[in-house]
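This report refers to the structure that appears directly beneath it.
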Amino acid sequence: MSEPIHRFTAKIPTWSPHVTPVDLATATPEQLAAIKVTPSNKGISPYVLTLAHDPESLAVRSPLFNLIMCGKDGLPSAERELGAVGASIVNRCIYCTAVHASRFIGLTKREDVIDKIFADEREARLDQRQQALFDFAAKLSSTPIEATRDDAQKLGQAGLSELEQLDLVLSAAIFGWANRLMHTLGEPKA
């Protein structure tokens with residue numbers, strides 16, 4: 001059995017559930033229906049199969065996740081991913097940090113940004129827009145009331161529209177929830 005991973009990386013680890021995932025061969029019609037709305041067309045992950053124990057919640061979670069992280073308007077996809085990285089760094093979610101850092105790098109080709117975040121975490125120094133995004137997502141994830149009106153104004157000063165600011169709040173908030181689910185239901189393995 002491999003050891004849990006405790007450091008941030010952009011290499012996506014295996015997520016190993018503590019709960020036995022739903023078996024597709026014996027899944028109920030409700031579970032199968034909920035699984036069909038998963039956010040990825042790359043197969044059904046052990047995480048989704050674990051969440052399928054509660055098909056009613058999964059059927060709501062996946063479309064919401066898709067709309068927040070893959071929306072066509074508002075915040076560009078790479079910046080939604082940066083918000084997810086900020087939340088996941090604060091919440092110490094190695095798996096989610098890896099997935100969303102990898103997606104950010106894939107979209108931007110900016111490994112240097114992720115390298116700074118991994119090296120310095122909340123103390124990372126980025127360009128103005130990225131800094132405002134990262135800081136806001138981190139504050140919102142640490143203690144929601146840490147994210148103040150001044151922080152929201154910094155987002156506006158960095159060029160984010162109100163819709164982009166809302167998208168950032170949504171991406172950081174859904175990862176506060178997702179990180180806690182990942183930690184509770186399993187762990188990343190090398």
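The values are calculated or read from the model by the stated rules, or taken from the named source; none is laboratory data. Keep in mind it's a predicted model, so treat the numbers as computed, not measured. No Cβ is skipped: glycine too gets one built from the backbone with ideal geometry, and neighbour counts run over all protein chains shown. Side chains included, ligands, DNA and RNA excluded: accessible areas come from the protein's heavy atoms. Shrake-Rupley method; radii C 1.70, N 1.55, O 1.52, S 1.80 Å.
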Going by Cβ distance under 4.7 Å, what cysteines of the chain have no possible disulfide partner? Cys70
Stretched fully, the stretch from Ile44 through Gln131 gains (0.36 nm per residue minus C-alpha distance, one decimal, in nm) 27.9 nm
How high is the relative contact order of the chain, in percent, counting Cα pairs under 8 Å that sit 6 or more residues apart? 33 percent
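Just the number, please: carbon plus sulfur as a percent of the accessible area of region 120-186, 1.4 Å probe, no ligands or DNA/RNA counted.
Working: 1880 of 3440 Å².
Carbon-and-sulfur percentage of accessible area, whole number: 55.
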Tell me the per residue accessible area of region 82-134 using a 1.4 Å probe; a whole number in Å² is fine. 41 Å²
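Only helical DSSP H runs with n ≥ 4 go in: add -39500 (n - 2.57) per run for the chain, normalise by residue count and round the 222 nm mean residue ellipticity to 500 deg cm²/dmol.
Values: 9 runs with 116 residues, N = 190.
My calculation for the chain gives -19500 deg cm²/dmol from helical runs alone.
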Would you calculate the separation in nanometres between label points at Glu3 and Lys36, each defined as 7 Å from the Cα along the Cα-to-beta-carbon direction? 4.5 nm
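With respect to the cross-link table entries Lys11/Lys36; Lys72/Lys189; Lys36/Lys116, which display a Cα-Cα separation exceeding 31 Å? It would help to have the intermediate numbers written out before the result.
Values: Lys11/Lys36 27 Å; Lys72/Lys189 33 Å; Lys36/Lys116 37 Å.
Long pairs (Cα-Cα over 31 Å): Lys72/Lys189; Lys36/Lys116.
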Taking a ≥ b ≥ c as the square roots of the eigenvalues of the Cα gyration tensor, with a/c under 1.5 meaning rounded and otherwise prolate when a/b exceeds b/c and oblate if not, region 49-99 is oblate
Pull out a ≥ b ≥ c, the square roots of the eigenvalues of the alpha-carbon gyration tensor of the chain, then state rounded if a/c is under 1.5, prolate if not and a/b is larger than b/c, and oblate in the remaining case. prolate
